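The values are calculated or read from the model by the stated rules, or taken from the named source; none is laboratory data. Only a predicted model underlies this, so the values are computations on that prediction, with no experimental measurement involved. Here the Cβ is made from the backbone with ideal geometry for all residues, glycine too, and neighbour counts use every protein chain on show. Note: areas computed on protein heavy atoms with side chains; ligands, DNA, RNA excluded. Shrake-Rupley method; radii C 1.70, N 1.55, O 1.52, S 1.80 Å.
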Amino acid sequence: SKEKLFSDFSPVTTEQWMEKITADLKGADFEKKLVWKTNEGFKVKPFYRMEDLEGLKTTDALPGEFPYLRGTKKNSNEWLVRQEIKVESPKEANAKALDILNKGIDSLSFHVKAKELNAEYIETLLNDICAECVELNFSTCQGHVVELADLLVAYFQKKDYDLTKLQGSINYDFFNKMLAKGKEKGNMVQTAKALIEATAQLPKYRVLNVNALTLNNAGAYISQELGYALAWGNEYLNKLIEAGVPATSAAKRIKFNFGISSNYFLEIAKFRAARMLWANIVKGYNPEKGCSCKLFAHAVTSTWNQTAYDPYVNMLRGTTEAMSASIAGVHSLEVTPFNKAYEDPNEFSMRIARNVELLLKHEAHFDQVVDPAGGSYYIENLTQSIAAEAWKLFLEIEEKGGYTAAYESGFIVERVKASAAAKDKNIATRREILL
């Protein structure tokens, strides 16, 4: 027999909840006491009920289907565990890579020196690493990305790999150079087109990056990181389509690298909203293939809120941030070592960073359920709210002539600096907490 566990309890209406809350507040203002006014510009109620889902189109979405709000995969929530290696010596970096591949890593990120690039360098670096079994990501001086791409294609061909199966990225990001260094280098369209052509035989390689992580680590609000990232990605699409690159080809080469702050539920909502909004932006260009509308997201836990005074607390921050990203559904994830704020990460801190993700997978089974947050009254409303605020910012950037024009006018930098200053002040006056 089936037991109806709640049959002895009569349903409680929202009005009854409010009567009880009002009585408990003893005359205090409900809005001031219990309604959270977020930095992102919208209010969050203290409780949500089924009726709050009425009219939300997000609840009609299905995993793996447009607009991909509930994820780009249908059958699992699998993500890749990434670790970065700064290459001083290709032989030593190779040994380190082979070691961590046996410790749970399935996505490697190599930062290589442009002045040392040659065929022998790549062969030494990737020796005994099966490129068909692991995602390989590379970054180097922005002026040498095409050279790097040519060397990689030649190496993969020499090893007789099936190039259509290889996954990875080359971190070319013209706009991040502007944002982080305050200067431009080279011709974006010319380099981007050359890079797309150089990697034509690597269809699963993403070579145009939106490093919104820079905004996150500079102290931007979540809505700003998302809104500006969408404008950033749209600038790539605009410029390349104008230059004759098909919309499908351009969109399938773009990769978003987001930061993750300690705002647990809002970060879950951010990734869900990001997929939905980006899918609709790409659809507006009428791509030939619907799969090009999928947002490809890598996530990195924040350095903005890392402390040097009590560094082991950073382990907790990294864990909750990793939980946000994995629950939200990302392609790959990198947990920042807890001591990165004040020294080069060591073997212990890198092991802890890896193990955070391995615990989430193999003990908490976060990789087994697609979009576990779907249907949550609270998170569905947060997703809608964060999407609305980010979209306002996106449209504001477009009205200013696009991402480049908004940056050159100082608009983006000024807004992010103001947000960081406000967050610092709120933390100093204990109006906001980091964890």
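Of Trp278, Trp304, Trp391, Trp17, which has the most accessible area and how do the rest follow, probe 1.4 Å?
Trp17, Trp391, Trp304, Trp278
Using a 1.4 angstrom probe on the protein heavy atoms only, line up His365, His331 by accessible area, largest first.
Order by accessible area, largest first: His365, His331.
Please list, or write none, the aspartates and glutamates whose alpha carbon is within less than 15 Å of the alpha carbon of Lys159, excluding same-chain residues fewer than 8 places away.
Output for Lys159: Glu120, Glu123, Asp128, Glu132, Asp150.
Under a cut-off of 18 Å between alpha-carbon atoms, report the lysines in cross-link reach of Lys340, not counting same-chain residues fewer than 8 places apart.
Lys86
Hey, could you pull the Cα Rg and Dmax for region 6-70, both in Å?
16.6, 48
If packing is taken as the mean number of other Cβ atoms within 10 Å per residue, what is the order of 102-114, 84-96, highest first?
Put in order of decreasing packing, that is 102-114, 84-96.
In cubic angstrom, how much convex hull volume per residue do the alpha carbon atoms of region 248-296 span?
Roughly 59 Å³ of hull volume per residue.
Leaving out ligands and nucleic acids, note down the accessible area per residue over region 5-68 with a 1.4 angstrom probe, in whole Å².
Per residue, region 5-68 has an accessible area of 77 Å².
Quick one: putting +1 on the C-beta of Lys and Arg, -1 on the C-beta of Asp and Glu, what dipole do you get for region 317-359 around its Cα centre, in Debye to the nearest 20?
120 debye
So with the 1.4 Å probe, I'd like the accessible area per residue for region 183-245, rounded to whole Å².
The answer is 33 Å² per residue.
Stick to the Cα atoms of region 137-276, pair each with every other, and give me the Kirkwood hydrodynamic radius in Å at one decimal.
15.9 Å
Take every Cα-Cα distance within region 87-126, group them into 10 Å bins from 0 onward, and report for each bin the whole-number percent of pairs it holds.
Result, from short to long distances: 30, 54, 15, 0 percent.
Return the Rg/Rh ratio of region 143-215 with Cα-based radii and a Kirkwood Rh.
So for region 143-215, dividing Rg by the Kirkwood Rh gives 1.02.
Could you compute how fast region 393-435 diffuses translationally, taking Rh as the Kirkwood radius over C-alpha pairs and applying Stokes-Einstein at 10 °C with viscosity 1.306 mPa s? Give it in µm² per second.
D = 136 µm²/s.
Set Lys and Arg Cβ to +1 and Asp and Glu Cβ to -1, take the dipole of region 190-334 about its Cα centre, and tell me which of Ala243, Leu295, Ala274 lies farthest positive.
Going by the charge dipole, the pick is Ala243.
Using a cut-off of under 18 Å, list every residue of region 198-215 whose amide N is near the label point 7 Å from the Cα of Tyr161 along the Cα-to-beta-carbon line.
Within reach of a label on Tyr161: 198-208.
With point charges of +1 on the Cβ of Lys and Arg and -1 on the Cβ of Asp and Glu, referenced to the Cα centre of the chain, which listed residue (Tyr377, His362, Leu98) lies farthest in the positive direction of the dipole?
Tyr377
Of all DSSP beta bridges located in the chain, what percent are antiparallel, nearest 5?
Taking every DSSP beta bridge within the chain, about 5 percent pair in antiparallel fashion.
If you line up the long axis of helix 347-362 against the longest principal axis of the chain, both from Cα atoms, how many degrees apart are they, to the nearest 10?
Rounded to the nearest ten degrees, it is 60.
Per the 1.4 Å probe, what fraction of the accessible area of the chain, in percent, lies on carbon and sulfur atoms?
Carbon and sulfur together cover 51 percent of it.
Using every alpha carbon pair in the chain, what percent of pairs falls into each 20 Å bin from 0 up to the bin containing the largest distance?
24, 57, 17, 2
If I measure Cβ to Cβ between cysteines in the chain, which ones have no partner under 4.7 Å?
Cys141, Cys291, Cys293
Step by step: find N for region 355-435, compute 2.2 N^0.38 Å, then divide the Cα radius of gyration by it. What's the final number?
So region 355-435 has a normalised radius of gyration of 1.58.
If the only charges are +1 at each Lys and Arg Cβ and -1 at each Asp and Glu Cβ, what is the size of the charge dipole of region 277-429 around the Cα centre, to the nearest 20 debye?
Rounded to the nearest 20 debye, it is 120 debye.
Mind giving me the nanometre distance, one decimal, between the label points for Leu316 and Glu15, set 7 Å out from Cα along Cα→Cβ?
So the label points at Leu316 and Glu15 sit 4.3 nm apart.
Which peptide among 335-342, 292-299, 236-243, 225-232 comes first, and what is the full order, when sorted by highest mean count of other Cβ atoms within 10 Å?
The most tightly packed comes first, giving 225-232, 292-299, 335-342, 236-243.
Please list, ordered by chain and number, the residues whose modelled amide H lies under 5 Å from the amide H of Phe138; skip anything fewer than 5 residues away on the same chain.
Phe110, Ser169, Ile170, Asn171
Round to the nearest 0.05 the FRET efficiency obtained for Lys86 and Lys45 when R0 = 30 Å and r is the Cβ-Cβ distance.
Once the sixth-power term is evaluated, E becomes 0.10.
Just name one of Gln83, Leu56, Ile122: the one whose Cα is farthest towards the positive end of the charge dipole of the chain (beta-carbon charges, Lys/Arg +1, Asp/Glu -1).
Going by the charge dipole, the pick is Leu56.
For a quick check of understanding: with a 1.4 angstrom probe and all protein chains in place, what accessible area in square angstrom does Cys141 have, to the nearest ten?
50 Å²
I need the Kirkwood Rh of region 178-233: take the reciprocal of the average 1/r across all distinct C-alpha pairs and report it in angstrom.
Its Kirkwood hydrodynamic radius stands at 13.0 Å.
Would you mind working out the accessible area per residue for region 266-368, using a 1.4 Å probe, and quoting it in Å²?
39 Å²
Using only Cα atoms, what is the ratio of the radius of gyration of region 282-435 to 2.2 N^0.38 Å?
The value comes to 1.26.
Could you size up the charge dipole of the chain around its Cα centre, putting +1 on the beta carbon of Lys and Arg and -1 on that of Asp and Glu, and report it in debye to the nearest 20?
Computed about the Cα centre, the dipole is about 480 debye.
Looking only at Cα atoms, what is the convex hull volume of region 1-138 per residue, in Å³?
In region 1-138, the Cα hull volume divided by residue count equals 290 Å³.
Based on a Kirkwood Rh over C-alpha pairs, give the Stokes-Einstein translational diffusion coefficient of region 83-187 at 20 °C and viscosity 1.002 mPa s in µm²/s.
Here the translational diffusion coefficient equals 149 µm²/s.
Label region 232-318 by shape, choosing from rounded, prolate and oblate, from the square roots a ≥ b ≥ c of the eigenvalues of the Cα gyration tensor; if a/c is under 1.5 it is rounded, and otherwise prolate applies when a/b is larger than b/c, oblate when it is not.
prolate
Which pairs, out of Lys185/Lys255; Lys43/Lys283; Lys20/Lys43; Lys96/Lys181; Lys193/Lys270, put more than 24 Å between their alpha-carbon atoms?
Violating the 24 Å limit, Cα to Cα: Lys43/Lys283; Lys96/Lys181; Lys193/Lys270.
What distance in nm separates the simple spin-label points at Leu53 and Phe6, each placed 7 Å from Cα in the Cβ direction?
1.2 nm
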